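I have placed the structure first, in the form of structure tokens, so that the comments after it can refer back to it.
The values are calculated or read from the model by the stated rules, or taken from the named source; none is laboratory data. This structure is a prediction, so every number in the text was calculated from the model and none was measured. Every residue, glycine as well, gets a Cβ built from its backbone with ideal geometry; the counts of neighbours run over all protein chains shown. Just the protein is used for accessible areas: all its heavy atoms, side chains included, with ligands, DNA and RNA removed. Shrake-Rupley method; radii C 1.70, N 1.55, O 1.52, S 1.80 Å.
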Amino acid sequence: MSGRLRVAVDRDACCGSGNCVRTAPEVFDQDDADGLVVLRLPEPPESEYDTVREAAYNCPAAAIEVTET
Amino acid sequence: MSDTLATNIPTYPFGNAGLEPLLPDLGPDGVGRVQLPTGAQAWLFTRHEHLRELLRSADFSSDFTRPGFPLIRPIPEDMPRRPDGSLIRMDPPEHTKFRRILTPEFMIKHIRTLEPLIRQTVVDALESMRAAGQPADLVEHFALPVPSMVICHLLGVPYADHDYFQERSRILLAWSSPPEQVRDAIEEMRAYLTRLIATRRDSPGEDLISRLAAERVATGEMTEEELVGLSVLLLIAGHETTSNMIGLSTLVLLEHPEQLRQLRERPELIDDTVEELLRYLTIVRTGLTRVAVVDTEVGGHRIAAGEGVIALLSAANRDADVFPDGEEFDLHRGSHQHMAFGFGIHQCIGQPLARAELRIAMSELITRLPGLALAVAPGDVRYRDAVVFGVQRLPVTW
């Protein structure tokens with residue numbers, strides 16, 4: 001649990017459900033033009049780790065990848 | 001397989017006991033075979049983890065024209081089976097094209113701009129219910145008109161026609177409707193929307209149908225048939241689901257007075273309340289149907305190509321591993337992992353709209369009518385026997 005957390009998103013896989021934006025609005029957004037995921041913070045602060053993990057778990061299209069380094 | 005075993009296969013759908021979805025005993029793994037009303041059989045999955053795997057998997061198709069697709073009720077032989085624009089019945093890459101077109105329309109920040117309109121619709125409906133006098137049917141005066149008016153506004157469908165499309169929508173979703181009647185209801189909805197699209201093409205408004213006709217059909221990106229199918233889906237899904245959620249949610253809150261009191265005292269609990277209502281009620285009680293396109297596995301269970309599967313959302317939303325005491329309504333649960341909107345690439349595109357409508361409708365209802373109460377005994381509330389679960393009527397006083 002001491003590792004740093006890195007986030008990656010796959011816009012081709014994204015189905016625009018907006019779950020991530022609801023769960024972790026500091027980290028994820030939806031593109032104004034197409035509604036697909038926009039990653040605001042690829043290396044979010046530790047305070048966001050729980051919500052980022054939750055966003056990845058709840059992403060219907062498995063478009064969020066979280067890796068610990 | 002022996003005859004004895006065959007007769008032990010549970011018959012789908014399983015019905016409800018009051019608010020509670022019934023489920024056959026499938027053993028600890030929650031996986032089994034079921035007999036469908038069409039005479040065919042399908043796999044049934046009920047565990048949260050299995051549904052996550054199944055509904056995210058590209059090994060399953062949503063295309064109901066594929067051989068082996070588990071239809072949940074018989075359809076007339078002569079009924080055209082065409083997904084045309086109904087994106088819930090499509091696979092990528094076709095599905096992706098339609099989903100991409102609609103995504104910005106329903107994204108959170110766009111829905112946020114609609115909130116004043118939703119709130120005004122809610123407040124007006126409550127005032128007209130109050131004016132009608134008590135007891136009043138909350139479904140007729142509130143739960144049904146609010147989402148109908150909002151989706152009509154979005155799509156550019158005249159609300160004055162609501163009797164026409166609501167009646168056909170009701171027939172379409174009722175288990176008791178004979179297949180021929182369902183077919184006619186679909187064809188009438190299509191004919192109605194075909195006429196409307198022609199009108200909007202000639203004199204466009206500021207609505208989604210006008211926009212799609214001008215920007216997507218005129219450019220050849222989408223056929224007119226596809227726009228018709230898409231509009232039918234959005235019109236039905238846009239009002240049936242939220243309307244049934246509002247009626248049922250009112251009943252649940254009135255049946256849990258202590259939690260209702262907490263919500264009235266702390267209005268900020270509304271978001272958690274909406275999520276728990278979505279989980280607890282899971283109104284798409286039929287679950288989601290798919291067919292395997294290759295030999296595959298879900299949770300170690302082998303599924304052969306061409307076999308149908310049903311992902312029972314209502315059961316997954318009561319899976320004790322994820323939602324302890326899931327048959328209890330508890331607004332403090334924090335039920336973020338629920339699957340009331342489905343899961344996978346087909347997860348409800350209208351969920352930001354549904355959430356906004358539910359949040360605003362339930363907040364205004366309990367605030368503006370502090371004395372809200374059922375006007376019938378809870379046991380006398382009659383439920384819909386339909387593909388989308390709900391109450392038929394909800395007589396209330398205030």
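Numerical summary
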| item | result |
| --- | --- |
| Selected from B:R33, B:R382, B:R52 as most flexible by GNM, with chain B as the system and alpha-carbon contacts under 10 Å | B:R382 |
| Separation between Cα centres of segment B:226-276 and segment A:2-21, rounded to whole Å | 27 |
| Other-chain or far-sequence residues with amide H under 5 Å of B:R33's (modelled H) | B:L44 |
| Furthest towards positive pole of dipole, B:P378, B:M107, B:V284, structure part chain B, Cβ charges | B:M107 |
| Rg(Cα)/(2.2 N^0.38 Å) for segment A:5-68, N = residue count | 0.96 |
| Cα centroid separation - segment B:298-355 against segment B:100-159, whole Å | 26 |
| With eigenvalues of the C-alpha gyration tensor scaled by 5 and rooted, segment B:131-170, Å | 21, 12, 8 |
| Placed amide H near B:V298: partners under 5 Å, 5+ positions off or other chain | B:I303 |
| Semi-axis lengths, Å, the protein assembly as shown, gyration tensor of Cα atoms, sqrt of 5 times eigenvalues | 30, 28, 27 |
| Burial order of peptide ranges B:107-115, B:164-172 (average beta-carbon count within 10 Å, highest first) | B:164-172, B:107-115 |
| For residues of A:16-24, the mean tally of beta carbons on other chains within 10 Å | 6 |
| Protein accessible surface hidden between B and A, which excludes ligands and nucleic acids, total in Å², probe 1.4 Å | 1900 |
| Ratio Rg/Rh [Cα only; Rh per Kirkwood] for segment B:3-397 | 0.95 |
| Separation of the B:Q134 and B:Q262 label points, Cα + 7 Å toward Cβ, nm | 2.6 |
| Number of partner chain Cβ atoms within 10 Å, mean per residue of B:155-161 | 0 |
| Å² per residue, accessible surface of the protein assembly as shown at 1.4 Å | 43 |
| Tilt relative to chain A, helix A:49-58 - C-alpha long axis, 0 to 90 degrees, to 10 | 40 |
| Proximal charge balance of B:A361 [Cβ under 13 Å; K/R count +1, D/E count -1] | 0 |
| Cβ-based net charge around B:Q166, under 15 Å, with every Lys or Arg adding one and every Asp or Glu removing one | -3 |
| Ellipsoid equivalent to segment B:195-301 - semi-axes via the Cα gyration tensor, in Å | 37, 26, 12 |
| Length-normalised contact order for segment A:5-68 - Cα pairs under 8 Å, 6+ apart - percent | 47 |
